Amino acid sequence: MLKNYFKIAWRNLVKQKQFTALNLLGLSTGLACVLLIYLWVNDELHVDKFNANDRQLYQVFKNNTNPQGAVETYSTTQGLLADEMKKSFPEVEYAVQIAKHNDLSVLSFGDKHIKVKHEFAGKDFFNVFSYPIVNGSNVVSGVTGIFLSDKLALKLFNTTDIVGKTVNWDFKDDDIDLSGLFKVAGVYTAPPANATNQFDVLFPFDYYAQKFAHTNGDVTFWGSNMVSTFVVVRPGADIIAFNKKIKNFSIDKIKSLYPSKDLASYEGTLVARRYSDGYLYNNYINGKDAGGRIEYVRLFSIIAIFILVIACINFMNLSTAKAAGRMKEVGVRKVIGASRVALVMQYMAESMLLSFFAMVIAAVIASLLLPAFRQITGKELSLHVDASFIISVASFSLITGVIAGSYPALYLSGFKPVLMLKGKLTTSASESFIRKGLVVFQFTISVVLIIAVIIVYQQMKLVQTKNLGYNKDNVIRFSAEGKLQDHQETFIDEVKKIPGVANASMMNGDFFGNASHSGGGINWDGKDPNLNIDYFGVSGDYDFMNVLGIKMAEGRTFSREFPSDSVAVIFNESAIAAMGLKNPVGKTVSLWGHQKRIIGIAKDFHFQSMYKKVGPAFLEYITPNPTVLVKIKARMERETIAKIEQFYKSFNQGLPLDYKFLDDDYQAMYSSEEKVAVLSRYFAMIAIIISCLGLFGLAAFTAQKRQKEIGIRKVVGASVNNITVMLSKDFLKLVLVAVLIAFPLAWWAMNEWLKSFAYRVDINATVFLSAGATIILITLLTVSFQAIKAAVANPVKSLRTE
């Protein structure tokens, strides 16, 4: 019996080629979108989930209250915290501290010099994180034993059997020289693609602590927040109770160890959050989780559901539109004894068969679009055709077929046989309401997506064009590694001589959230002891402010004419306002125990993303620095960079020049938003196309239902325009209802999204008018084909059937 259902279903699908083609187009397009979104969402949900201790692995954050009373969350803590937590809390099985650097360094063996990304970690690192050891020890100990990734080992030695080999490391952090000879203690498997923390070399944390002892970065001092702390809690540990226990742990430590020191800005309360949640839940408001990338995962999951629903609605409308053509077939089947259940099964078989074909086509479409989708998302996504994938696809096809075919099957099987055989198809008010309601739903979603795309575009344009307080155009930056570290002044002087170079300088930190120094610890005469201010600090040589075009509100920038600028500092306007200083130029402040004289006030500049308002910041003159900045003259970029690359290789041991444009780095802060904008644009177009197919089906249904009425109207003198308007206005009413429903929904959704930005566009009436006009125009173009076709038809043919 089941075989018979599918045999008849196949014949009907082949017989009704236009109907089948339209349904396949709508369903396969929708399912292809769902497949691509599924791949992206699944990848997002599995980032950092590779650790064996994932359920027990937590990162410790610090919450501090700023002068405005808001709680700010920081990922850096004290270097001593990890070991102390393991000693003090029985819930902690393992704990490790990690110090990270954004700058690349150079690892050498013989005549091979390779740029690497390095980290410093405590002894339990490989017990906390799952990076399988390929060769050697799994305990980070001593100060000279280092660990290389298997990928780096193969590049440097062409083998992973390298335990005991000696390598040379070349790196300086500010004025601290970390360079030296190190022995390879082990080789680990490089981090997988879905790990947020990518690194090539692991150094012992004890070496870092030794080198930075008695400096601003002294991690043996409880007042220094320079590292990240991770703990593995024992199975069954109550994390809520654990967080209550650790909340004031560092505060109590600081007060007991330094009762006479002003370390209020270092205290802060502690909270442990699951490490693998950090990728998706990376925004905090007043110390509480406030979402993050998870919002985009939810958004695209909802879009996938809506696109699938729209495709199913499209199927329903097209199926019911063909009902009149199948009246006699249904009537004959009922007369000869077919039950309604049998008819439902017959039409469900058609639906599932069509859904299966659509899924196969969708998989092909998704495979063809996958390279472009990878480029848009920046992820290495792939369709793995295995047993589980086939079972999942088959199950999904079955569910889609049932959802899409249920209403048409019940609708077609419910007609009375006498009326069917007479060719009198009647439609109840409820049936008409359902069909029209489905169209309203489709276009409501389409209008919301159009409005969302417009607002996201406007916000991204604001981000790209807003005055940042510095000039990022035509500036490249690259790390100062190798020989360049010891001969920075010579290198900069030579670079300035290259034709096309407007200026060059060195800098520590950047304006994308990475400070050279940050936190509290700044004091001055008359400071309120209860005033806690967290500062963002960057440093550089004499010209770095000129290269970046930072403007002064008062005073002057650093200058070679003033040797005393080595103990000078410049604050931004927000810092001076927070500090409450009057006539600040010339006054002396203490930066972590070092006396500094204020020589100027810089106009506010953005040093973080647009999600945050400009906060207190300071600038120092310090050499050497880890980053080179080169300002290039406009329209001379290509030839100038080629000359810089040539000079860099000859100057620096043949190492390749890895540079980035400053504006590209700035855009990278909004890569998620840019990807969302692009994907939303494509998915909005697809939703509209599928919706239009549904509208096309409803227009065909209506024209078919009213063909005799149209014939009579033409006989009594109605023109083609009259009939076209008559048929089109009903659909325009549906779309207008959809527009009215969509406007408040879109305003609410986009207003919620924009709330996360400190600087945002205003949602004005133009956005809604543009979206409304667009969808109405699309509706008219879709409906006009069927309306004009019905209007120009010969009335004699339709009246003869009466």
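The values are calculated or read from the model by the stated rules, or taken from the named source; none is laboratory data. None of these values were measured; they are calculated from a predicted model. Here Cβ is always computed from backbone atoms with ideal geometry, including for glycine, and neighbour counts include all displayed protein chains. Side chains included, ligands, DNA and RNA excluded: accessible areas come from the protein's heavy atoms. Shrake-Rupley method; radii C 1.70, N 1.55, O 1.52, S 1.80 Å.
Sorting HIS384, HIS487 by solvent-accessible area of protein heavy atoms yields HIS384, HIS487, largest first, with a 1.4 Å probe.
Rounded to the nearest 20 debye, the dipole magnitude of region 170-251 is 580 debye, with +1 charges on Lys and Arg beta carbons, -1 on Asp and Glu beta carbons, and the Cα centre as origin.
Legend: distances between Cα atoms for LYS643/LYS675; LYS551/LYS631; LYS288/LYS603; LYS155/LYS675; pairs beyond 22 Å are LYS643/LYS675; LYS288/LYS603; LYS155/LYS675.
Ignoring ligands, DNA and RNA, please state the percent of accessible area on region 534-626 from carbon and sulfur, probe 1.4 Å. Answer for region 534-626 is 51 percent, counting heavy atoms of protein chains only. Fully extending the segment from LEU777 to PHE50, taken as 0.36 nm per residue of separation minus the present Cα-Cα distance, adds 256.8 nm.
Say the cut-off is 22 Å between C-alpha atoms; which of LYS86/LYS253; LYS87/LYS255; LYS115/LYS172; LYS612/LYS660; LYS87/LYS244 go over it? Numbers along the way, then the final one.
Values: LYS86/LYS253 15 Å; LYS87/LYS255 19 Å; LYS115/LYS172 14 Å; LYS612/LYS660 24 Å; LYS87/LYS244 17 Å.
Distance filter (> 22 Å) returns LYS612/LYS660.
Karplus-based coupling profile of region 241-249, in residue order and whole Hz: 5, 4, 5, 5, 6, 8, 3, 9, 4, with θ = phi - 60° in 6.51 cos²θ - 1.76 cosθ + 1.60 and x standing for Gly or Pro.
Computed with a 1.4 Å probe over protein heavy atoms only, the accessible surface of region 575-617 comes to 44 Å² per residue.
Compute the FRET efficiency between LYS496 and LEU732 as 1/(1 + (r/R0)^6), taking r as their Cβ-Cβ distance and R0 = 56 Å, and round to the nearest 0.05. Display every interim value, and only then the final one.
Values: r = 66 Å, r/R0 = 1.18.
Here the calculated transfer efficiency is 0.25.
Under 5 Å between amide hydrogens, built in the peptide plane, is the criterion, and for PHE171 it picks out LEU178, SER179, GLY180 among residues at least 5 positions away or on other chains. Considering only beta bridges that DSSP places wholly inside region 467-619, some 70 percent are antiparallel. Accessible surface computed residue by residue for region 99-201, with neighbouring protein chains in place and a 1.4 Å probe, gives 40 Å² per residue. Seen from LYS587, the other residues with C-beta closer than 14 Å to its C-beta sum to a net charge of +2, counting Lys and Arg as +1 and Asp and Glu as -1.
Heavy atoms of the protein chains alone define the surface here; on that basis region 436-500 has 39 Å² accessible area per residue at 1.4 Å probe size.
Using the 2.2 N^0.38 Å rule of thumb for compact globular proteins, work out how region 95-228 stacks up: its C-alpha Rg over that value, please.
Values: Rg = 14.2 Å, N = 134, 2.2 N^0.38 = 14.1 Å.
Compared with the compact-globule rule of thumb, region 95-228 sits at 1.00.
Scanning residues 5 or more positions from ASN503 or on other chains, those with amide H under 5 Å from its amide H are LYS631, with H placed 1.01 Å from N in the peptide plane. I want to make sure I understand the PRE zone here: with the label point 7 angstrom from the Cα of SER609 toward its beta carbon, which residues in region 503-539 have backbone N atoms less than 14 Å away? From region 503-539, the list is 512-514.
Shown for region 622-667 is the translational diffusion coefficient from the Stokes-Einstein equation, using the Kirkwood radius over Cα pairs, a temperature of 4 °C and a viscosity of 1.567 mPa s: 107 µm²/s.
Legend: P(r) of region 75-126 from all alpha carbon pair distances, 10 Å bins from 0, whole percents, reading 21, 37, 24, 15, 4.
Of the residues PHE242, PHE562, ranked by 1.4 Å probe accessible area with the largest first, the sequence reads PHE562, PHE242.
Taking Cβ atoms as reference points and 12 Å as the exclusive limit, the residues near VAL547 contribute a net charge of +1, counting Lys and Arg as +1 and Asp and Glu as -1. In this structure, the amide hydrogen of GLY555, modeled 1.01 Å from its nitrogen in the peptide plane, lies closer than 5 angstrom to those of ILE601, counting only residues at least 5 positions away or on a different chain. Considering only HIS487, ASN474, MET552, and ranking their Cα positions along the charge dipole of region 453-570 that arises from unit charges at the beta-carbon of Lys, Arg, Asp and Glu, the one farthest toward the positive end is ASN474. Given a 1.4 Å probe and the protein chains as shown, SER75 ends up with an accessible area of around 50 Å².
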